[in-house]
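Each remark here refers to the structure printed beneath this line.
The values are calculated or read from the model by the stated rules, or taken from the named source; none is laboratory data. Given the structure is predicted, the values throughout are model-derived calculations rather than measurements. Methodologically, a virtual Cβ is constructed for each residue, glycine included, from the backbone with ideal geometry; neighbour enumeration extends over all protein chains shown.
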Amino acid sequence: MKNTGTDQNVFKTERSSHFFDRAQRVIPGGVNSPVRAFKNVNRHPVFIKRGNGSRIWDEDHNEYIDYVGSWGPLLMGHAHPAVVDAVTEAASKGLSFGAATQGEVLLAEQVVANVPGVESLRLVNSGTEAVMSAIRLARGFTGRERIVKFTGCYHGHSDGLLVAAGSGLMTQGVPDSAGVPAAFTELTVPANYNDAEGIKALFEKIGDTIAAVIIEPVAANMGVCPPAEGFLQLLRELTSKHGALLIFDEVITGFRLSFGGAQAYFDVPADLVTYGKIIGGGMPMGAYGGRKDIMSEVSPVGAVYQAGTLSGNPLAVAAGRAMLDLLLGDSSLYDRLEQKGAYLEKGFREAAAEVGVPVQLNRVGSLMSIFFTSDPVTDYASAQSSNTDQYATYFNAMLEQGIYIAPSQFEALFVGAYHSMAQLEYTVDCSRRAFAQVAAQG
Ligand SMILES: *Cc1c(COP(=O)(O)O)cnc(C)c1O
């Protein structure tokens, strides 16, 4: 298979470096979101020029098989013709009206008809906004103020949720962000992921003051960390019993684990769900939805205010609808994603074992992480035990062979519908060489 360096099969970085130098002069750290700076893998970022299906190309014409997929939205691949056509057509009719449009109705109908538990849906512009709004709604609906969140789960960058929030924050070793007043996070109560006894004790103590428990039903922002057997069910029971709401942050898992997301996959209904990433088909969009009686508290019906000039933007809606159509029209999609995920998991596991590198492979469907540790990764603390230097070596070895994975240990590897079996096989071959480099480094 042809791979890196479309021109000469040599990995080059001149142009990316050039743009990074310029970027650093005019953009903080040269990037518009921290993980893109590649700081955690000790190199300068590559600047991406274009993508098609499973592949992306950078400014130096290096070609990669992409396992990031813009952090999840591109489940069906880059520049999918159905999505691009939908956006192009919408664009020709006007970019924004700030008024009601038919497309918004069709999109909401698509979701409400196919996702159990979502009876009403409000569109916003990002996952961050979706979560922020859902939290406000939960507080407005219950008349309570406390929110429980799990350490290592990321729910966007709004003030109240930047508490032990995983991902970028985790690798910077910053437990919290500067600029967030302590008073803003006082009502955010951290709990340990997968710690059944801990959450029971917490509810015993303050259960009747909790507005909502929010969770990534499969944590994917401390690396992938699946929920322990019965854990989500326990949260369902505790919240119901104490009159608190259960919010699933399905910004990553929504439409990825199944069309009905984690709610359907684990058969645990949430009261509110937040979406982002896939629902925008690659355009900036998020959404929150759930029980009708709760959603009826949202303005202009109810007293919980939430608005947006560009919310329900026609281009984003067109992309989202085209994307959801693709998913709904492909009856074997989720089975194929599971098979591809399982194939890679097995391949990585064997490749690491061959050269004696201890790893933990955590996977749910098409979401996966390789942790460089011999201990099981079940929560934030165990995720942190991973050897990030080894991850950096692995990442660089993969990148230079034309495999683009997350430039951070604490993110997911995203398998897409578009990865061919030949590409997966090739990826495992590359992985074998990358693990060997890790082994050689000791
Ligand atoms: C990406 C992400 C968010 C934030 O979404 P943005 O669109 O980046 O604001 C929130 N929650 C989870 C689980 C995410 O993965």
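Looking across the stretch 236-264, just one residue is aromatic (Phe, Trp, Tyr) and in contact with a Lys or Arg (Cβ under 9 Å, 6 or more places away or on another chain), and that is 255. Residues of the stretch 345-378 that are over 13 Å from residue 391 (Cβ atoms) and small (Gly, Ala, Ser): 347, 351, 353, 356, 365, 366, 374. Within the stretch 277-286, if we keep just the residues that are assigned to a strand (DSSP E or B) and within 12 Å of the ligand (Cβ to nearest atom), the residue that is farthest from the chain's Cα centre (by Cα) turns out to be 283. Residues in the stretch 67-81 that are closer than 14 Å to residue 256 by Cβ and surrounded by fewer than 20 Cβ atoms within 10 Å (Cβ to Cβ): 70 only.
The test for being over 24 Å from residue 425 (Cα atoms), within 16 Å of the ligand (Cβ to nearest atom) and under 20 Å from the mean Cα position of the chain (by Cα) holds for residue 33.
Among residues that are at pLDDT 95 or above and either farther than 24 Å from residue 441 by Cα or surrounded by fewer than 21 Cβ atoms within 10 Å (Cβ to Cβ) (or both), residue 352 is not included. Scanning the stretch 301-322 for residues that are touching a helix residue (DSSP H, G or I) at 6+ places or on another chain (Cβ under 6 Å) and either under 11 Å from residue 259 (Cα atoms) or of a type outside the set (D, E, K, R) (or both) gives 304, 306, 312, 314, 315, 316, 317, 318, 319, 320, 322.
Only one of the listed residues (260, 312, 289, 341) is under 26 Å from residue 80 (Cβ atoms), assigned by TED's automatic domain parsing to the domain that holds residue 411, more than 15 Å from the chain's Cα centre (by Cα) and touching a residue at least 12 places away in the same chain (Cβ under 8 Å). That residue is 341.
Search the stretch 145-167 for residues being part of a loop (DSSP other than H, G, I, E, B) and crowded, with 24+ Cβ neighbours inside 10 Å, and hand back the single one that is farthest from the ligand (Cβ to nearest atom). Top of the filtered list is 152.
For the stretch 77-100, residues that are assigned to a loop (DSSP other than H, G, I, E, B) and either farther than 17 Å from residue 56 by Cβ or hydrophobic (A, V, I, L, M, F, W, C) (or both) total 10. Can you pull out the residues in the stretch 256-271 that are within 13 Å of the ligand (Cβ to nearest atom) and not small (Gly, Ala, Ser)? 256, 257 - these are the residues of the stretch 256-271 that are within 13 Å of the ligand (Cβ to nearest atom) and not small (Gly, Ala, Ser).
Scanning the stretch 191-212 for residues that are within 23 Å of residue 276 (Cα to Cα) and in contact with a Lys or Arg (Cβ under 8 Å, 6 or more places away or on another chain) turns up 211, 212.
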